[in-house]
Amino acid sequence: MRKKIAAILFSLLLCIGTVGLLPAAAAGGSSAGTASSGKVVELKDLNLKLTVPAGFYSFTQDVTPSDADLKKAGITNWYETKSNMQKQSTSLLISAPGGAYTILIHKKDSSDTQKYYNMKTMSNTDIQKLMDSFSKPQSSVTGNDTAKGTCKRYTSPSGMPFIYVQLQGTQNSTSIQDAAYFTIVNGSSYTVETYQETDPLTSAQTATLKTVADSIQITKTLPKSSQSTNTTALSILILLSPVLLILLIVLVVYLVSRIRRKHEAKRKAVLLQRITEYREKQDKLQEEARIQGIPPAEPEVLVENTTKCVKKALKRFSWVDLLLNRKSTWVTLFITAVLCIFIAIFDSSVPVRVIAIVAAVLCVVYVLRIPHKVFVTEDGSYRKMKTRQVHYQFREEDFHVTGVSSGIYPYVQIARVCETDRYFYLYLGANHVYLVNKHDFTKGTTEDLQAILVKQCPGYKPRKK
């Protein structure tokens, strides 16, 4: 963990080549220095106050590109400078006239800085371990960039404790020297740093660096208890976030399944009651006909239709089925995918982000696969038959189906009616549906069938033109 703190300075060293820093790379904010006298600059978000030496310019990240001091400080590409400051967590850039050299103020947070919290209260052993970490030779992943540091303790006139670090190394075969004053306050690390490529640091450069470090004042001391508690809770939450994400998905699936089972059980109970009443009525009619010695009267055909279930019609049905009949499924998965995307964007843990992205993709893929599966199932049934035509005879109490299959179904057996501009979809169950094309009536009209369904199917509302 202490290596992470050492890497703060080392990473700054290795970034210098991309920062340019500088002379042309200051970083944003309002100008705070003047060329004639020192000026006090307060960084309220850092709870920090310091004095910019006379003749120097200072910039925070919110400086405007039109600031005249940028040119005086030798900064020609403000946007690149600001980008480099953001990458390095640079809060303030102090530049000598013409960009002869720069001094950078960085603030960073880590688990180690939260643990140590304040260098004033750190033990000598912990400070020495920290110094040993800074002094240990470091190298980049590729091995092309190296750095070695020397450290010593330093206390400013105001009593602020620092570790003074001098780094020497190479980056892309270029010699780099870096000097920095490092401290920890309020659970964050503060680094006052300057560097030089090829040539050694000048005495004026190190003297100015020391002057800036000596002027630093912490304007607000924050209690460790409140921050550490929040940080610990946040750390635990981040560690548990993969488990919480999985539990959330499982819980959503469970609740949706339970609601669907409950709804289906209720629907089946109502359907059973309606079918029982229908059969009792039919049995009564047949018994009356038997007593009278005549065959039961054949119901009058009120509406007649012959629909050809071609592949195009089945593909259209598969998407309508997803949107209307499987709404709870795709809405639940859509919400889950949005939550996963939200977690992937805002969670800092790489494993959590990967899991969240994979979960979101799986949710979307699953939803998009449903219409294909429905189409394959329906089309497979019709391909086994000699014809794709279904003939319907809609009567007062039931409807007669012939063609692909044959059967008489009471309207009470219809679980749901979905209607579009072109079709009626009569669901006899979750996976048993009949398609009725509105353009293929051989007797009666769309309005006639709508009237029958309104009367016989509670909950059905006809589609308005």
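A few notes on this one:
- Put simply, the amide H of Gly38, placed in the peptide plane, has neighbours under 5 Å in Ala54, leaving out anything fewer than 5 places away on its chain.
- Here the chain exposes an accessible surface that is 58 percent carbon and sulfur, computed with a 1.4 Å probe and the other protein chains kept in place.
- In Hz, Karplus ³J(HN,Hα) per residue of region 431-443 (6.51, -1.76, 1.60; θ = phi - 60°; x = Gly, Pro): 10, 10, 9, 10, 9, 10, 7, 5, 8, 10, 7, 9, 8
- Residues in the chain average 54 Å² of solvent-accessible surface per residue, probe 1.4 Å, ligands and nucleic acids excluded.
- Mean Cα-pair separation over length for region 363-440, i.e. relative contact order, pairs under 8 Å, 6 or more apart, %: 14 percent
- Region 84-138 and region 144-222: distance between their alpha carbon centers, rounded to Å: 7 Å
- Backbone amide hydrogens, once placed in the peptide plane, bring Gln171 within less than 5 Å of Ile176, excluding anything fewer than 5 places away on its chain.
- Near the amide H of Phe399, within less than 5 Å, lie the amide hydrogens of Tyr409, Tyr411, all on another chain or at least 5 residues away, with H placed in the peptide plane.
- Taken as Cα centroids, region 400-434 and region 306-353 sit 25 Å apart, rounded to the nearest whole angstrom.
- Within the chain: Cβ-based charge dipole about Cα centre, in debye rounded to nearest 20 (Lys, Arg +1; Asp, Glu -1): 1000 debye
- Selected from Gly74, Thr155, Phe399, residue furthest toward positive end of dipole (the chain; charges at beta carbon): Phe399
- For the residues Asp109, Asp448, a 1.4 Å probe over the protein chains yields an accessible-area ranking, largest first, of Asp109, Asp448.
- The relative contact order of the chain comes to 10 percent, based on Cα pairs under 8 Å that sit 6 or more residues apart.
- Global form of the chain, assessed from the alpha-carbon gyration tensor, a/c cut-off 1.5: prolate
- Under the span-like rule (Cα at least 20 Å along the axis, Kyte-Doolittle mean at least 1.6), DSSP H helices of the chain: 327-346
- Dipole-positive endmost among Tyr460, His106, Ala360 within the chain (Cβ charges, Cα centre): Tyr460
- Ranked order, His439, His432 - accessible area, probe 1.4 Å, largest first: His439, His432
- Difference of contour (0.36 nm per residue) and Cα-Cα distance, Ala289 to Tyr366: 22.3 nm
- Given Lys49/Lys148; Lys281/Lys438; Lys268/Lys464; Lys44/Lys115; Lys268/Lys455, the pairs whose alpha carbons are separated by over 27 Å: Lys49/Lys148; Lys281/Lys438; Lys268/Lys464
- Heavy-atom accessible area ranking, 1.4 Å probe, most first, across Glu197, Glu277: Glu277, Glu197
- The charge dipole of region 329-420, taken about its Cα centre with unit charges on the Cβ of Lys, Arg, Asp and Glu (plus for the first two, minus for the last two), comes to roughly 420 debye.
- Histogram of C-alpha separations across region 266-381, 5 Å bin width, %: 2, 9, 11, 9, 9, 11, 11, 9, 7, 6, 4, 3, 3, 2, 1, 1, 0
- Accessible-area value, Leu248, 1.4 Å probe, nucleic acids and ligands omitted, Å²: 70 Å²
The values are calculated or read from the model by the stated rules, or taken from the named source; none is laboratory data. Here the structure is a predicted model, which is why all the values come from computation and not from measurement. Every residue, glycine among them, receives a Cβ derived from its backbone with ideal geometry; neighbour counts consider all protein chains shown. Accessible surface areas use protein heavy atoms only, side chains included; no ligands, DNA or RNA. Shrake-Rupley method; radii C 1.70, N 1.55, O 1.52, S 1.80 Å.
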